[in-house]
Structure formats: structure tokens, C-alpha cells
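Presented below is the structure to which this report refers.
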Amino acid sequence: MGNGPRDYTGKTLKRLFGLSGNQCSFPECSRRLVNSHNAKDSNICHIEAANSGGERYNPSMTNDQRADYNNLILLCVQHHDETNDTEKYTVEHLATMKKDHESQYINERINKNPSMLKNTIAALAIVDLTKDPEEQILNIVDPREKIEFNHMKKKASLVRQYCIYHTKLNALYTELEDQGSIVKEKLLRTIKLTYDTVKSTFVSESEDSLKVVRENSDEIFDEVYNTLYEKLEDSKHWEEDIILGLNIVMIDAFIRCKILEEPPR
């Protein structure tokens, strides 16, 4: 990523347009936008302004953070102008608007493409980081308890919103296991190893690894996503709907304690 607030990476743009369905995120607006290769800045809007003096500007953010997916929302020109009302459209309001729109779009895509989650599972299972399988301990934890234990903030609402898919994904895993498949074990092992690798870069030689994880839980979760996304994008099984399924599979892995730390029992 460059050092300007509008130096968006290709990965950021793909994620932004993919999860939004290339639509304005304003409620009940179905206006489609141009694709990520030809996007105008007026369509890519900053939740916290790109420059000093802009709406909801946060001086403590870096330019990289301003240009990152978490600070961006897709809006048509009309609704971009409307959200300049900072009293009505706060940072929290726009972040919620973005998550609600993405969740609605994911529901639509799952209904139109029932194989979306199964395809995501299959693609992730192929991204196997070890040669020898190891048995996965599948401790399922109340997501609210785990959010609190890991001191999650920005990603907490995402977990709450997507955890509803846990039952659906579990049914898919059961169906695959009944067919003799071990993709669940391979997939969860890959996610756990990815988390361990990302965690080690944050923790380094710290004597209090839990403290470091808690201080960086949102960033660690994002980095796990980015790492898996890149591996999927480089695989021959990449397709657009997988960008949607990845969020769901990751939240499920979070509940199964493959991402972030497990509360003591």
C-alpha cells in the first residue's frame, strides 16, 4: 500500500466491491457502481475522512489506515453527499450501514448460489499448510464470551452478525463427513496455522502473549483474513463468491477457537 489516503491496493478494492455486490451501501439504494478497476473516488468514500477538515476526520489514523478496507464504504454520488451530515451519519452509523449492506448481500448470494459455502470450504481445504494431518480439537465457545476475552472491538459486530451461519456451516461439515470427507479437518488446520503464524509476528518475544493479542485482536483477525484471501486468490479454485464465503468460514473458525485465544474453562 502507498502512503496516501487514496492509495487503495487491488486487494482492498476487490474486497470492498466484492462484499458490497458493487452496489451503493445506503439502505434501500440499489444503484450499481462501476467496477473496482474503473472506480471514481466519489464512489469510494472514507468513513473517517481522507484529509484534515473532512467529515469525521481522525487525526490519530495513518494514511494506510485511511485507505484500508475497514475505513471505506461504497456509496453513489447522491448518498455520498447525504452522508456529509456528520451529526446524523457518525462513524458508528456508517460502519453499521456497511456491515448491514454486506450481510444482506451475502444472504442474497447464498440463496442464489447454494453451493457458495461448499465451494469456499473446498477451496480453503486445498490450501493445506502441512504435510501430515493432525487431529483438530473442536472446542465451540459462546462468541460473546470469546469477544470479551479477546477484547475485540471493531470486529465484534461482524462476529455477532455472521455467527448465525454457524449452524448452516456445521450442517455442511456433517454432510461432508458422512461422505467420508476430511475437508473440515484440513480447512480448520489451515486456519489455525495461519492464525498461529500471524500471532507470532505480533507477539514476537513478548512475555505476555495474551496481552498483545488483546491489544491487537482486530488487526490480527484482519491479517488472518488477508493471508487466507491471498492464498485463495492464487489458487486455481478462486471465484468471486469465495470472497463472501471466507468471512462466514472465518467466523465459524473463530467460534471453534481456531482464531484468537480460547477463554479458560
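Summary of computed values
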quantity	calculated
Per-q log10 I(q)/I(0), the chain, q = 0.09, 0.13 Å⁻¹ (Debye; single scatterer per alpha-carbon; no solvent)	-0.42, -0.89
Residue 63-residue 139 FRET efficiency (beta carbon distance; Förster radius 35 Å; 0.05 resolution)	0.30
Lys/Arg +1, Asp/Glu -1 at C-beta; the stretch 114-255 dipole; positive extreme among 127, 244, 226	244
Neighbourhood charge, 13 Å Cβ-Cβ cut-off, centred on residue 56 and excluding it, Lys, Arg +1 and Asp, Glu -1	-3
Coordinate range along principal axes, alpha carbons of the stretch 10-101, Å, largest first	31, 28, 21
At R0 = 41 Å, FRET efficiency that the Cβ-Cβ distance of residue 170 and residue 236 yields, to 0.05	0.90
Value at 222 nm in deg cm²/dmol, rounded to 500, when DSSP H runs of n ≥ 4 in the chain each add -39,500 (n - 2.57)	-16500 deg cm²/dmol
About the Cα centre, charge dipole magnitude for the chain (Lys/Arg +1, Asp/Glu -1 at Cβ), debye	480
Simple label model, 7 Å out from Cα along Cβ direction - residue 90 to residue 51, nm	2.8
Neighbour-count order for 101, 93, 166, fewest beta carbons within 10 angstrom listed first	93, 166, 101
Neighbour-count ranking [beta-carbon atoms within 10 angstrom, fewest first] of 243, 251, 140	140, 243, 251
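Read-outs throughout are calculated quantities, based only on the coordinates presented, and are distinct from any laboratory measurement. Everything numeric in this text was worked out from a predicted model, so none of it was measured. For neighbour counting, all protein chains shown are included, and Cβ atoms are generated from backbone atoms with ideal geometry for every residue, glycine included.
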